[in-house]
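The values are calculated or read from the model by the stated rules, or taken from the named source; none is laboratory data. Just so it is clear, the structure is predicted and the values come from calculations on it, not from any experiment. Don't worry about glycine lacking a Cβ; one is built from the backbone with ideal geometry, like all the others, and counts go over all protein chains shown. What goes into the accessible areas is simple: the full protein's heavy atoms, side chains included, and nothing from ligands, DNA or RNA. Shrake-Rupley method; radii C 1.70, N 1.55, O 1.52, S 1.80 Å.
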Amino acid sequence: RQLLDGLGTIDGLKVWGITDPGRDDQRVPTVSFTIQGASSEEIDRHLASRGIFAWSGNFYALPISEALGLEPDGAVRVGLLHYNTAAEVDRLIAALQEFLER
């Protein structure tokens, strides 16, 4: 929930998938998103430069990426696991805010 709430504070960022807190039990801890006016590769490179590992593209799901209107850039994907910390989520959100301020 911390990740989705943090992403929700970033202007121009759209999460692709379930964001309703009442449906958290229906989603996985992997989140795809786009930021208006930025390519997914640009965002991915910025995160990598900050030591944050993310992926960009269509993730071999070209038909859905096309249907959602995400091509040719696709989206950015980040995922959490049981060993990720709240501080790491905060660092991701800060890096995305920094990306917008560049």
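Considering only residues of the range 1-16 that are part of a loop (DSSP other than H, G, I, E, B) and of a type in the set (Val, Ile, Thr), which is most open to solvent (accessible area, probe 1.4 Å)?
Taking the candidates together, the pick is Thr9.
Let me spell it out: the conditions are (1) at positive phi; (2) touching an Asp or Glu at 6+ places or on another chain (Cβ under 6 Å), and Gly74 meets all of them except one. Which number is the exception?
Result: Gly74 passes all but (2).
Filter the range 29-62 down to residues that are assigned to a loop (DSSP other than H, G, I, E, B) and closer than 18 Å to Arg102 by Cβ and give me whichever is most open to solvent (accessible area, probe 1.4 Å). Lay out the reasoning, then the answer.
Here is the first cut: in the range 29-62, the ones assigned to a loop (DSSP other than H, G, I, E, B) are 29, 36-39, 50-54, 58-61.
Among the residues that remain, those that are also closer than 18 Å to Arg102 by Cβ are: 36-39, 50-52, 54.
Details: Gln36: 158, Gly37: 85, Ala38: 21, Ser39: 29, Arg50: 101, Gly51: 38, Ile52: 18, Ala54: 15 Å².
Per the criteria, the residue is Gln36.
Test Arg23 against the stated conditions and say whether it is outside any helix (DSSP H, G or I), among the basic types (Lys, Arg) and closer than 21 Å to Arg1 by Cβ.
no
So which residues in the range 63-102 are open to solvent by 70 Å² or more (accessible area, probe 1.4 Å), farther than 22 Å from Thr9 by Cβ and in a helix (DSSP H, G or I), if there are any at all?
Listed by number, the residues that qualify are Pro63, Ile64, Glu66, Ala67.
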